[in-house]
Amino acid sequence: MKPPPFDYHGPATLDEALGVLAETGPDGKVLAGGQSLIPLLNMRLAAPAHIVDINRLPGLDVIEAGPGGVRVGALARHAAVERSAAAAAVQPLLGQALRLVAHPVIRNRGTVVGSLVHADPSAEMPAVLALLGGSVRLARRGGEREVPAEEFFTGPMESALLPGEMAVSAFFPALPGRSGTAFRELARRHGDYAMAGVAAAVTLDDDFRIAAARVACVSVGPVPVVVDVTAACGPRPAASVDWDAVAAAVLDRIEPEADIHATAEYRRHLTGVLAVRALRDAAREASEDPEASDASEASGASDGEEGA
Ligand SMILES: Cc1cc2nc3c(=O)[nH]c(=O)nc-3n(C[C@H](O)[C@H](O)[C@H](O)COP(=O)(O)OP(=O)(O)OC[C@H]3O[C@@H](n4cnc5c(N)ncnc54)[C@H](O)[C@@H]3O)c2cc1C
């Protein structure tokens, strides 16, 4: 199908873009990578009267990595962030998650910030932002505001973005020393949206005991579901954790729904398995002690692909 008719705007500056968005209000939609918006238009699931193409705006493709975290501009493509060594050094979860987003050709064009605004509960980047407690910077004519992740995702495909606003960047905080991260998911075909997926972050103390642990689950609720499992995990070394109890703590917090890809019960099962795998991967990454990681491997907790 072809998209419904719309007026196309190709602003050359941020001010110009914000001006058009202010004038068009709820009838205006930003076009970034187009990897979600164009299919929605072609399927006639969206019919904005005005499209504001931001691809000509200068300075929005930045990836700024500093000690506190990584700020990603609205035109930084998935692939650029995935390949950024500076970003990976500060926040490795970005690359770990982006490798699971769609296919390379889509990652070449799609943007990280576009993925956040699109707010698909099956998408990886909203879960990453929610897990890390990041934020999105929204600009409008005459001002801007920084919205924390827990307020940004308001429902399936719904965010705190108001008519007239544009997201200009997102901030992904760094984790403290001796932290590790991981992203595990299962999709029917490589590159598809996941039936279930879990991002995990673990911080160890000086004795290699788990001092903080949390997960963000995708495809099991209207927004990414963040669960703090520190109490269930610690303070113990990963090898001594009761991983069944940790999985139960995660499952307590999710309410998956069935669709054509998976039953609700299968999604629950997957989430429990993936949460344990992701947390154990993250604990292993957090550990700089090879013996600690060996001990973790020998703990007997299930960590193979079998059983999913
Ligand atoms: C076949 C296929 C498979 C895919 N698989 C996955 C997957 O497994 N995981 C995943 O996470 N994604 C997947 N995607 C989606 C892809 O990651 C998109 O790139 C992403 O969701 C949106 O980014 P975009 O830059 O293309 O946004 P666009 O398509 O341009 O826009 C998406 C929405 O966000 C709004 N928007 C975008 N940028 C801004 C901004 N700066 N300010 C305000 N509003 C903005 C648009 O108005 C629109 O409503 C897939 C896409 C395809 C086509």
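The values are calculated or read from the model by the stated rules, or taken from the named source; none is laboratory data. Computed from a predicted structure; not experimentally measured. Ideal geometry is used to build each Cβ from the backbone, glycine not excepted, and the neighbour counts take in all protein chains shown. For accessibility, only protein heavy atoms count, side chains too; no ligands or nucleic acids. Shrake-Rupley method; radii C 1.70, N 1.55, O 1.52, S 1.80 Å.
Where helices (runs of 4 or more DSSP H) fall entirely within segment 66-144, those with at least 1 residues that are more than 18 Å from ARG184 (Cβ to Cβ) are at 78-83, 85-90, 104-107, 112-118. Residues in segment 217-239 that are outside any loop (DSSP other than H, G, I, E, B), surrounded by fewer than 19 Cβ atoms within 10 Å (Cβ to Cβ) and either at positive phi or modelled with pLDDT under 95 (or both): ALA239 only.
Would you pick out the residues in segment 14-47 that are within 18 Å of LEU162 (Cα to Cα), more than 8 Å from the ligand (Cβ to nearest atom) and modelled with pLDDT under 95? Lay out the reasoning, then the answer.
So in segment 14-47, the residues within 18 Å of LEU162 (Cα to Cα) come out as 14-32, 37, 46-47.
Still in the list and also more than 8 Å from the ligand (Cβ to nearest atom): 14-28, 47.
Passing the criteria: only ALA47.
Which one of GLY155, GLY164 is in contact with a Leu (Cβ under 6 Å, 6 or more places away or on another chain) and over 19 Å from GLU185 (Cβ atoms)?
GLY164 is the lone residue from the list that is in contact with a Leu (Cβ under 6 Å, 6 or more places away or on another chain) and over 19 Å from GLU185 (Cβ atoms).
For ALA200, are the conditions met, namely being of a type in the set (Gly, Ala, Ser), open to solvent by 50 Å² or more (accessible area, probe 1.4 Å) and more than 16 Å from the ligand (Cβ to nearest atom)? No.
All of (1) open to solvent by 70 Å² or more (accessible area, probe 1.4 Å); (2) at pLDDT below 95 hold for ALA308 with one exception: (1).
Scan (1) open to solvent by less than 10 Å² (accessible area, probe 1.4 Å); (2) more than 13 Å from the ligand (Cβ to nearest atom) for the single condition ARG71 breaks and write down its number. Exception for ARG71: condition (1).
Only one of the numbered conditions (1) open to solvent by less than 40 Å² (accessible area, probe 1.4 Å); (2) in contact (Cβ under 8 Å) with a residue 60 or more places away in the chain is not met by THR154, and that is (1). The residues listed here are PRO121, PRO163, PRO126; of these, the one that is more than 16 Å from the chain's Cα centre (by Cα) and either buried (at least 16 other Cβ atoms within 10 Å of the Cβ) or more than 10 Å from the ligand (Cβ to nearest atom) (or both) is PRO163. Among the conditions (1) in contact with a strand residue (DSSP E or B) (Cβ under 7 Å, 6 or more places away or on another chain); (2) more than 8 Å from the ligand (Cβ to nearest atom); (3) not basic (Lys, Arg), GLY155 misses just one, which is (1). For VAL105, indicate whether it is over 26 Å from GLU257 (Cβ atoms), within 11 Å of the ligand (Cβ to nearest atom) and aliphatic (A, V, I, L, M). It is true that VAL105 is over 26 Å from GLU257 (Cβ atoms), within 11 Å of the ligand (Cβ to nearest atom) and aliphatic (A, V, I, L, M). Taking the listed residues GLY133, GLY110, the one that is within 7 Å of the ligand (Cβ to nearest atom) and in contact (Cβ under 8 Å) with a residue 12 or more places away in the chain is GLY110, with no other qualifying. Within segment 103-118, the set of residues being open to solvent by less than 20 Å² (accessible area, probe 1.4 Å) and out of contact with any Leu (no Cβ under 9 Å at 6 or more places or on another chain) comprises GLY110 only.
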